[in-house]
Every structure is written in C-alpha cells, then in structure tokens.
Amino acid sequence: VLGLFATRTNQFLFVDHDTELVYSGRSSDATFWPPFQTMVPKYRYDGGEPLVEGDTLHVCWLRRSEPTLLDQIPPFGESHDYQIFYRNWNDSNNAWSAVRKLSVGLKYKSVCATGLSMSTEGQKIVVAWDNYSSKGHAFTTDIDYVVSSDGGQRWSNPRRVTETTHDRRAHSPEVALHRNVIHLFYHQDREHYGGNCADIVYQQRQFPNE
C-alpha cells in the first residue's frame, strides 16, 4: 500500500500491486470503496508516489518500456528504458487530467529504477530524477528536472543539474519547493581508497519564470 491521500473533497487509496499501480477513489462522505482501477499496467510501474496540494492530487511515476527482443538476451535484459509520466486529479473538475510524459527527448537506461522526487507549491510543481546513460561497459547518472507553473498543464523541457563521469555518479534526488525556491539534495559517488563512497550535495535555485 502506497498510502491514503485526501484532497478537500475526495479520498484515494493507491497500491503497488506487483509492479502495477492501482487506485480506488471516493468522495470523503462516501461509506464504501469502489473497485480498484489501473493507472499503470502490470510490469510497467517502477516507482513514484502521489502528492496532495489543496484540492489537487498529483501523481508522478516511472514507467518501464514495452519489452523488446533484447530484453530476453543477457546482458541486455538487465537494462531497461524508463520514462517519467504525470497526471493529476482536481476536485473542481472532478476528473483526471491527461497523462503527460515529462522525460521528453531522453532515454532513461537503468539496471534499477530509483530516484524520482516531486514537490509542489500552489500551482508550481517541480519533478527531479536521476537519468542513467551508458558508455561501453561504464555508465553514469545525472540529475534532471522539469517544472510546471500552471498546475501541471504545461511543462518545461528537461534540464540537467549535473554533468558527471562514471566514478562521480549523481543519483537519488530529493526536491522541495518552498517560497519560490527549488531546494535539491542528491548523492554523488566518489572513489575512496578503492571503494565507492557518496557525498550528500545540496543546490538551490529560483523557480524559473516561464
């Protein structure tokens, strides 16, 4: 169970059911829960959680691509293409928005799906994630983010925060939006006496005016 999330007039129960994201929604004064509905199909959901801001429920998730023939052949089967998607529920509209792809123009290659963070402040939203890329047998990860200033109707193109090498990977971001400032924490690996250690790095920047 991912959790129970309540807007001003509705309640939503979200469950990660064996890599399928399902939910049940009802009005706050209802006495029963309707059957679960699928938001992300089985074997496609790989992380992400809802977030409530006033009368709006925001949902952002990492979705695994459709399988290919290479997925059946090691070592290619250990690597998958993931993309970031978003939609929301608004009490005033009493409906879900269309699904929007946030990682436009990016290939998200990963042997594991980690590092997706979202924060809201009024109509402003910021989503950050770690973006994997490979070069031969080595791979690196950088932090990308997108923003929306109109409650998720329109989004910026992805922007890169870091430019790392294979031994200085940046990953596992946590983002918070407060008083029009984006606060970002993330891990950055470093070589240390033959082993990998990670620093915790902090950055901040004004929410972009677009």
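The values are calculated or read from the model by the stated rules, or taken from the named source; none is laboratory data. Quick caveat, the model's predicted, so the values are computed rather than measured. With ideal geometry, Cβ positions are generated from the backbone for all residues, glycine too; neighbour counts draw on all protein chains shown. Accessible surface is based on the protein model in full, side chains and every heavy atom, while ligands, DNA and RNA are left aside. Shrake-Rupley method; radii C 1.70, N 1.55, O 1.52, S 1.80 Å.
Computed over protein heavy atoms with a 1.4 angstrom probe, the accessible surface ordering of D130, D199, D29, D18, largest first, is D29, D18, D199, D130. Computed packing ranks the peptides 3-12, 142-151 as 142-151, 3-12, most packed first, by mean other Cβ atoms within 10 Å.
3J(HN,Hα) along the range 14-30, derived from phi through the Karplus expression 6.51 cos²θ - 1.76 cosθ + 1.60 where θ = phi - 60°, amounts to 10, 9, 8, 9, 6, 6, 10, 8, 10, 8, 10, x, 8, 6, 5, 9, 6 Hz, with x in place of Gly and Pro.
Per Stokes-Einstein, at 25 °C and 0.890 mPa s, what whole-number D in µm² s⁻¹ belongs to the range 116-191, with the Kirkwood radius over Cα pairs as the hydrodynamic radius?
The Stokes-Einstein estimate is 188 µm²/s.
Averaged over residues, the count of other Cβ atoms within 10 Å places the peptides 175-186, 88-99 in the sequence 175-186, 88-99, highest first.
Take each peptide in 30-41, 54-65, count the other Cβ atoms within 10 Å of every residue, and average; sorted highest first, the result is 54-65, 30-41.
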